[in-house]
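The values are calculated or read from the model by the stated rules, or taken from the named source; none is laboratory data. Not measured: the values here are computed from a predicted model. Backbone-built Cβ (ideal geometry, glycine too); neighbour counts: all protein chains shown. Quick note on the areas: whole protein, heavy atoms, side chains included, nothing else; ligands and nucleic acids left out. Shrake-Rupley method; radii C 1.70, N 1.55, O 1.52, S 1.80 Å.
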Amino acid sequence: MNKNKNVFDNVLQLVGNTPLIKLNRMTADFDGDFYAKVEAFNPGHSSKDRIALHIIEEAERQGVLTPGDTIIETTSGNTGFSIAMVSIIKGYECILAVSSKSSADKIDMLKSMGAKVYVCPAHVKADDPRSYYEVAKRLHEENKGSIYINQYFNQLNIDAHYNTTGPEIWDQTDGEITHLIACSGTGGTISGISKYLKEQNPNVKVIGVDAYGSVLQKYHETREFDDKEIYPYRIEGLGKNLIPTATNFDAIDRFVKVTDEESAHTAREISNTEGLFVGYTSGAAMQAIKQLQEEGEFKPTDKVVVVFPDHGSRYMSKVYNDKWMEDQGFFDSKRVVQSTIEYIK
Ligand code: PMP
């Protein structure tokens, strides 16, 4: 079929080639031009479509996967949704072990896409048999003919972004990008894009966004895994309680940490000011930009690209829910960005 006429053989042909959209209001007083790589334009509404498709097609090329086989993964939701989508088109069974921190919407979406879902407790150590890593490993061992995507420890996760997201950003900025700002979870996005960009221009500055309660920033600075850094936080998909091998720490110049509260407000602000309905980690990445601007990181001639990993619809029971925001204590007297609803009786 003819892609130029916007006709496709199946939904997977729409993965990647997401738009780069200039931010006009939030960064109006900042130094430099700011552009968002809006990954919600992928058919599965997140950047994870790219890795799901790449890893599964690589397994097919190597002959490890044949139709009817099972694909297993641990996921905070987005990767699961993308794997479920690819599995439907290609005819695989999909089993997902998710953290209990994932929103109810995300879990319901996975079910809607035909996946079998195991919900595992969030606040246990990674080596606890109840953790989603251990549950996925066990299911993989029990299921003959299954593959375990293992996105935190799979080099193909980096390669997916090296092959697609990196070249797209380079091309979309005509090679003029000076800074990349991206959240780090598995680290695949930031590491893959960074590798490509730095091969083109080693001066591109790559800044990772981490959560308070995660070990990544400290590990980057000291190469020491410090479990005293670990405590529960709310943002899903950002930061980690272990060191993923899908993160190339040498490809990242520095990390910035952001809070749950600021990130939540900033996500709402992006929707309200730029008209881009994006997820919690997009708020986190944008919050990092605010902090970097305060620090004087940018020059007026800079071209900054920030990755917005997913769509706001995945957070209707969290960031975009006033009750949830209130329950977290996120509405303070100064910054009430509550939505207005008037009921006509
Ligand atoms: N944002 C969201 C919503 C995510 O699900 C993830 C993946 N865990 C990330 C950001 C981080 O991307 P990566 O895993 O490639 O570092």
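Here the label points at residue 227 and residue 200, each 7 Å from Cα along the C-beta direction, are separated by 4.2 nm in the simple model. Taking trypsin sites (Lys or Arg not before Pro) across segment 6-71, the ones in a DSSP loop with at most 15 further Cβ atoms lying within 10 angstrom of their Cβ are 25. Across the chain, the longest run free of exposed loop sites, meaning chymotrypsin sites (Phe, Trp or Tyr not before Pro) lying outside DSSP classes H, G, I, E and B with no more than 15 other Cβ atoms within 10 Å, spans 9-211. Calculated on C-alpha atoms, the gyration radius of the chain divided by its Kirkwood radius gives an Rg/Rh of 0.95. Here is the tail figure for segment 230-322: Cα pairs spaced more than 15 Å apart come to 64 percent of all pairs.
Calculated on the Cα set of segment 47-148, radius of gyration then Dmax: 12.9, 37 Å. FRET efficiency for the pair residue 250 and residue 321, taken as 1/(1 + (r/R0)^6) with r the Cβ-Cβ distance and R0 = 41 Å, rounds to 0.55. Within the accessible surface of segment 51-199, defined with a 1.4 Å probe on protein heavy atoms only, the carbon and sulfur portion equals 49 percent. Residues in segment 30-172 average 40 Å² of solvent-accessible surface per residue, probe 1.4 Å, ligands and nucleic acids excluded. Applying a threshold of 22 Å to the alpha-carbon distances of 101/125; 90/195; 125/323; 48/90; 90/111 flags 90/195; 125/323 as lying beyond it. Only helical runs count toward this figure. For the chain, summing -39,500 (n - 2.57) over DSSP H runs of n ≥ 4 and dividing by all residues gives -10000 deg cm²/dmol at 222 nm. So if we plug the beta-carbon distance of residue 61 and residue 141 into 1/(1 + (r/R0)^6) with R0 = 30 Å, what FRET efficiency do we get, rounded to 0.05? With R0 = 30 Å, the Cβ-Cβ based efficiency is 0.80. Computed about its Cα centre, the charge dipole of the chain is approximately 580 debye, with only Lys, Arg, Asp and Glu carrying charge at their Cβ. From a point 7 Å beyond the Cα of residue 24 in the direction of its Cβ, which residues of segment 259-296 have a backbone N at a distance under 11 Å? Within reach of a label on residue 24, which here means backbone N under 11 Å from a point 7 Å along Cα→Cβ, segment 259-296 contributes 274-275. Among the trypsin sites (Lys or Arg not before Pro) within segment 175-281, those in coil by DSSP and having at most 11 neighbouring Cβ atoms inside 10 Å are 223. Inter-label distance, residue 6 to residue 176: 2.8 nm, where each label sits 7 Å from its Cα along the C-beta direction.
Under a model in which nothing but the beta-carbon of Lys, Arg (+1) and Asp, Glu (-1) is charged, segment 47-148 shows a dipole of about 180 debye around its Cα centre. Can you give the longest run of the chain that contains no GluC sites (Glu not before Pro) sitting in a DSSP loop with at most 11 other Cβ atoms inside 10 Å? Value returned for the longest uninterrupted segment is 1-223.
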